[in-house]
Amino acid sequence: MAASLPQLCPLQTSKPLLSQPSSALHPSSRYPLSRTKESRFKCSAGQTGFFTKLGRLIKEKAKSDVEKIFSGFSKTRDNLAVIDELLLYWNLSDTDRVLDELEEALLVSDFGPRITIKIVESLRDDIYGGKLKSGSDIKVALKRSILNFLTSKAPKTELQLGYRKPAVIMVVGVNGGGKTTSLGKLANRLKKEGTKILMAAGDTFRAAASDQLEIWAERTGCEIVVAEKEHAKAATVLSQAVKRGKEQGYDVVLCDTSGRLHTNYSLMEELVACKKALSKIIPGAPNEILLVLDGTTGLNMLQQAREFNEVAGVTGLILTKLDGSARGGCVVSVVDELGIPVKFVGVGETVEDLQPFDAEAFVNAIFP
């Protein structure tokens with residue numbers, strides 16, 4: 001029993017409340033790290049196969065979740081509905097006016113000037129070059145152009161979890177972007193695929209952050225590691241969680257971090273310390289650094305993404321608060337600007353509403 005073991009670990013950990021014995025719910029309970037042999041965690045074909053299968057399952061689920069993606073981008077689709085009207089009566093002599101109005105519709109949907117100009121000028125060249133001869137041809141070319149922007153620079157939208165257990169995913173972002181919530185929803189999705197998850201409460205600055213993550217741990221049936229003392233170093237919490245994940249056979253460790261403004265140099269540097277601490281325990285960790293971006297901020301998110309990527313080396317994006325947002329075009333601008341794939345999008349408030357990003361489903365969702 002955990003209560004009879006010596007208290008070696010400086011961190012407080014807890015299991016989901018529904019599965020714990022009453023004694024384990026007491027704040028003073030501890031789960032020390034066990035001492036197991038390092039060879040247990042060397043690369044094996046079985047481990048490689050596990051993560052390959054996990055990535056495939058999540059991607060397949062993305063295709064089955066098209067309806068939620070469709071509803072999540074309803075306002076963007078409404079803004080772009082004018083395109084069908086423009087193209088219905090299109091003729092060659094009216095091309096410039098139609099393209100001007102199409103350009104306006106894309107800008108209103110936050111595609112951004114750079115992307116919009118590329119799309120419109122490409123259509124103009126193909127129209128006057130005789131390649132597009134009808135309104136339906138133009139719409140097909142428009143959708144194909146946007147899909148190409150999303151897939152040419154960042155084709156790997158599935159999680160890249162490496163070949164050894166545990167895989168480590170670190171979630172970063174500014175305050176209020178939905179970081180902890182996204183981590184909880186990601187845990188729920190991974191848990192449903194039979195993955196053994198350990199959460200790490202690395203947000204040591206916000207007083208309620210650990211409590212919030214513990215609620216998600218209970219809701220999703222995952223275990224969690226939290227700091228025992230206030231304002232503990234995030235790197236310490238995360239490294240201890242990964243040690244436990246390594247020694248106790250977890251598949252994935254999900255590391256929460258403190259929200260920080262991208263302009264705060266000292267807090268941004270803390271992310272570097274977290275990365276270094278994790279890589280000392282598992283070479284190459286973290287496998288993924290997922291940046292959470294608030295979709296309601298539109299193109300303002302680009303500067304955040306640039307700064308986080310420069311400091312931390314972002315491997316994937318989670319776009320949140322796109323539940324009906326009129327700014328769905330920002331997805332295209334982020335990928336084109338940074339070449340970082342969007343891996344998940346938040347399209348609602350429920351635990352199921354963090355959807356794997358599928359470029360083709362997205363394009364079909366934003367165009368009526």
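Observations on the structure shown:
- Among the residues making up region 119-144, those that are part of a helix (DSSP H, G or I) and touching a residue at least 24 places away in the same chain (Cβ under 8 Å) are Ile119, Leu123, Arg124, Ile127, Tyr128, Gly135, Ser136, Ile138, Lys139, Leu142, Lys143.
- Only one entry in Val331, Val363 is assigned to a helix (DSSP H, G or I), open to solvent by less than 10 Å² (accessible area, probe 1.4 Å) and in contact with a Phe, Trp or Tyr (Cβ under 8 Å, 6 or more places away or on another chain), namely Val331.
- The single condition from (1) out of contact with any Pro (no Cβ under 9 Å at 6 or more places or on another chain); (2) open to solvent by 30 Å² or more (accessible area, probe 1.4 Å) that Glu158 fails is (1).
- Residues located in region 346-356, provided they are out of contact with any helix residue (DSSP H, G or I) (no Cβ under 7 Å at 6 or more places or on another chain) and open to solvent by less than 10 Å² (accessible area, probe 1.4 Å): none
Condition check ((1) within 18 Å of Thr320 (Cβ to Cβ); (2) polar (S, T, N, Q); (3) modelled with pLDDT under 90) across all residues:
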position: Ser145; (1), (2), (3): no, yes, no
position: Asn148; (1), (2), (3): no, yes, no
position: Tyr163; (1), (2), (3): no, no, yes
position: Ile197; (1), (2), (3): no, no, no
position: Asp203; (1), (2), (3): yes, no, yes
position: Glu218; (1), (2), (3): no, no, no
position: Glu223; (1), (2), (3): no, no, no
position: Gly245; (1), (2), (3): no, no, no
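- Residue within region 173-181 that is closer than 23 Å to Lys321 by Cβ, surrounded by fewer than 22 Cβ atoms within 10 Å (Cβ to Cβ) and modelled with pLDDT of 90 or more present: yes
- Cross-chain or 6+ apart pairs with Cβ under 6 Å, region 348-365 first and within 17 Å of Thr157 (Cα to Cα), then open to solvent by 20 Å² or more (accessible area, probe 1.4 Å) and of a type in the set (Asp, Glu): Gln355/Asp65
- Residues within region 252-295 that are more than 22 Å from Ala208 (Cα to Cα), under 16 Å from the mean Cα position of the chain (by Cα) and open to solvent by 10 Å² or more (accessible area, probe 1.4 Å), tallied: 2
- Evaluating Glu104 against the criteria (1) out of contact with any Ser or Thr (no Cβ under 8 Å at 6 or more places or on another chain); (2) more than 27 Å from Gly295 (Cβ to Cβ) leaves one unmet condition, (2).
- On the stretch given as region 301-321, residues that are farther than 18 Å from Met170 by Cβ and in contact with an Asp or Glu (Cβ under 9 Å, 6 or more places away or on another chain) total 4.
The values are calculated or read from the model by the stated rules, or taken from the named source; none is laboratory data. As the structure is a prediction and not an experimental result, all values here were calculated from the model. Every residue, glycine as well, gets a Cβ built from its backbone with ideal geometry; the counts of neighbours run over all protein chains shown. What goes into the accessible areas is simple: the full protein's heavy atoms, side chains included, and nothing from ligands, DNA or RNA. Shrake-Rupley method; radii C 1.70, N 1.55, O 1.52, S 1.80 Å.
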